[in-house]
1. Relative contact order for region 28-231: what percent, with Cα pairs under 8 Å and sequence separation of 6 or more?
2. For region 40-82, what are the per-bin percents of Cα-Cα distances with bins 10 Å wide, up to the bin holding the maximum?
3. Which of these, T200, T32, T175, has the largest mean-square fluctuation under a Gaussian network model of the chain (Cα springs below 10 Å)?
4. May I ask you to list the trypsin sites (Lys or Arg not before Pro) in region 78-130 that are in a DSSP loop and have at most 15 other Cβ atoms within 10 Å of their Cβ?
5. Once Rh for the chain is found with the Kirkwood sum over Cα pairs, what is the Stokes-Einstein diffusion coefficient at 20 °C and 1.002 mPa s, in µm²/s?
6. Calculate the tail of P(r) for region 182-232: the fraction of all Cα-Cα distances greater than 14 Å, expressed in %.
7. Among DSSP beta bridges lying fully in region 28-231, give the percent that are antiparallel, nearest 5.
Amino acid sequence: MPLGRAILFLAALAAAAPTPKPVSFKTPDGWTIAATYRPARAGRATLILAHGVGSASQEWGRLAERLTLEGVGTLAIDLRGHANSQNGPSGKTGFTSFDASGEWPRAAADLRAAAAWLKARGVPEERIAFGGASIGANLASVVAAQSPSAPFLLLLSPGADYRSARLAARPGLKTLAAASTPDGYAYAAVRELEQRGLATALIAPSGHGVQMFDDPATLDAIASWVSKRARN
């Protein structure tokens, strides 16, 4: 396709892409979770995305925009105690107390609530996938391991045991695990998953979590992998 026609084609796709929509839902333990929703095209999967410590759903913007052009849906959440998800039970607010209170592993409920929200809106369970970066990757792994219908799992810079949220794996689940060589702890976790036959490994030149998207080739590879699995 000539360059001019390709540019027009991509512009048309972008114009037709759904507008990101702010939504919210409750967890069973009383947190109100804010999220940004981009619906999937018919027949494609929706990927629930969880960010890293101290970040927010907006960190997924580059990947979500790419996936939207391929018809893949995304539901990027603000984990409890972060950004617009400050409304918690018994006066709980920010994440800075989570290490002392042991709250981090309980944040897996945020992803389960996101999946329940999608199912209530007609998204089939077998088209709800999970992904995350850093602590979000560990949380996503736990929920995906307990979700037998999940079609795939995306892990950016997971750790074997990060802030008491242990990395989980389910044999047979299509999993892409990415880390950069300088990020030693995450790199070791990704290589272990690969050696155990539990994930396809992608090694980026630098960065932790979504920082790896600063390398265009890494962003392209991850978006392509997700897009392919979201159509199967």
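Every number here is computed from the coordinates shown, using simple stated rules; none is lab data. The shown structure was predicted, so the numbers you read here are calculated from the model rather than taken from an experiment. Glycine also receives a Cβ, built like all others from the backbone with ideal geometry; neighbour counts cover every protein chain displayed.
1. 19
2. Histogramming region 40-82 at 10 Å steps yields 32, 48, 19, 2 percent.
3. Comparing T200, T32, T175 in a Gaussian network model of the chain, the most mobile one is T200.
4. Answer in residue order: R121.
5. This corresponds to a translational diffusion coefficient of 122 µm²/s.
6. Roughly 58 percent, rounded to a whole number.
7. 20
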